[in-house]
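Take a look at the structure set out below.
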Amino acid sequence: MQKKGLSPQDEEALRKRCVKFVVSLVHQIRQRLPDNIEVLSKIAQLSVKKALSALKPSLVPLLEAMGLDESEIDEIESQWKAITSVTWSKMNTTEDFWCEVNSYRDACGRNPFAALARFALAMLVMPYSNAEVERSFSELNLVKTKLRNRMAPAMANAILTIRAGLKRHEKTCFEYELPEEVVRLIGTADAYKAANEPSTSADSDSTAITTIEEELFF
């Protein structure tokens, strides 16, 4: 560093700043990582690939870590071993797979994997990280600015829902095609009616926005 014109004092100051930066980075990473990081690694066993594998690991360590009693552990582990006995069709994502398992019925109208499916879905919806929540708050700050501080919660929620739906469908507002019923409502008073009663206040949900929300998410 001295060859590049840094004095010993500047070099020492730079090294201290680098050390301080690394220590701060490690501290912030620890704040964002949950204490039960080992449990999170075990939850990866619920992926569709591992669930349908011929040589899959046991779920007992994960079940015990979640505090289930012996009878529940035996029931879920038995269903876990037998899940490959059925031919499943929705295997693109882990969520779709477990939703299909949850809705499965045998010839008697029963679900032989009910306990396993309930456990898997409960694990998949747990908030493992606050990153998504922080991202949602950041998007809310972009939507509800100081100039739009009177925006009603229902409208803000509708806009955030549409933004998330567009992202999930990998589209932008320029690429999205409005439904025909929404296009017909443009320029009419019906576009600003709530579900039950007409209103023109900021507290009303737009019929058009509701329709777009339903198309993006349902």
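FYI, it's all coordinate maths here, none of it is from the lab. All of these numbers come straight from a predicted model, not from anything done at the bench. A quick note on method: Cβ atoms are made from the backbone with ideal geometry, for glycine too, and the neighbour counts reach across all protein chains shown.
Using a basic spin-label model with each label point 7 Å from the Cα along Cα→Cβ, how many nm lie between Ala164 and Leu52?
Modelled inter-label distance: 2.8 nm.
Need the full-extension length gain, Val23 to Glu134, defined as separation in residues times 0.36 nm minus the C-alpha distance. One decimal, nm. Walk me through the numbers on the way to the answer.
Values: separation 111, 0.36 × 111 = 39.96 nm, distance 2.27 nm.
Fully extending the segment from Val23 to Glu134 adds 37.7 nm.
Explain nothing, just compute: Karplus ³J(HN,Hα) = 6.51 cos²θ - 1.76 cosθ + 1.60, θ = phi - 60°, for every residue of the stretch 148-165 in order, whole Hz, x for Gly and Pro.
For the stretch 148-165, the Karplus-derived couplings read 10, 6, 8, 4, 6, x, 5, 5, 4, 5, 5, 5, 5, 5, 5, 4, 5, x Hz, x marking Gly and Pro.
What is the extension gain from Val143 to Val86, computed as 0.36 nm multiplied by their sequence separation minus the C-alpha to C-alpha distance, in nm to one decimal?
15.9 nm
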